[in-house]
Amino acid sequence: MPPRFLLLTDIAEQLNVSMIQARALVTSGELPAIQVGGRGQWRIEASELEAYIQRKYAESREKSIRRRGAPTAEG
């Protein structure tokens with residue numbers, strides 16, 4: 001069974017971004033996370049990472065549609 005929570009290092013690796021970028025995603029709230037322990041280390045639920053990735057795919061599709069001039073889901 002895969003772990004429920006991921007570390008910032010896991011996020012950086014899976015998204016192929018720097019640790020600074022991974023931390024920025026979390027601290028901005030773009031990628032929901034919790035702080036645990038006395039040192040306030042970030043933990044990201046695996047399902048939140050997957051939801052974030054799916055949102056990014058949807059945003060990319062919408063941008064692509066707008067660039068082509070096709071109608072969007074908003075009308």
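The residues of the chain expose, per residue, 74 Å² of accessible area to a 1.4 Å probe.
In this structure the amide hydrogen of L6, modeled in the peptide plane, comes within under 5 Å of the amide hydrogens of I44, E45, A46, none closer than 5 places in sequence on its chain.
Mind listing which trypsin sites (Lys or Arg not before Pro) in the chain are in a DSSP loop and have 16 or fewer other Cβ atoms within 10 Å? Numbers along the way, then the final one.
Values: sites: R4, R23, R39, R43, R55, K56, R61, K63, R66, R67, R68; in loops: R4, R39.
When the trypsin sites (Lys or Arg not before Pro) of the chain are filtered for loop state and at most 16 Cβ neighbours within 10 Å, R4, R39 remain.
Label-to-label distance, E50 versus S18, with points set 7 angstrom from Cα along the beta-carbon direction: 3.1 nm.
Quantify, in whole percent, the carbon and sulfur part of the accessible surface of the chain (1.4 Å probe; protein heavy atoms only). Please list the in-between numbers first.
Details: 2960 of 5550 Å².
Carbon-and-sulfur percentage of accessible area, whole number: 53.
Divide the volume of the convex hull around the Cα atoms of the chain by the residue count and you get 116 Å³ per residue. When the alpha carbon gyration tensor of segment 3-47 is reduced to an equivalent ellipsoid, its three semi-axes come out at 15, 12, 10 angstrom, largest first. Sequence-distant contacts, meaning Cα pairs under 8 Å at least 6 residues apart, place the relative contact order of the chain at 27 percent.
The values are calculated or read from the model by the stated rules, or taken from the named source; none is laboratory data. These figures come from a predicted structure and were not determined experimentally. Cβ atoms come from the backbone with ideal geometry, glycine included; neighbour counts cover every protein chain shown. For accessibility, only protein heavy atoms count, side chains too; no ligands or nucleic acids. Shrake-Rupley method; radii C 1.70, N 1.55, O 1.52, S 1.80 Å.
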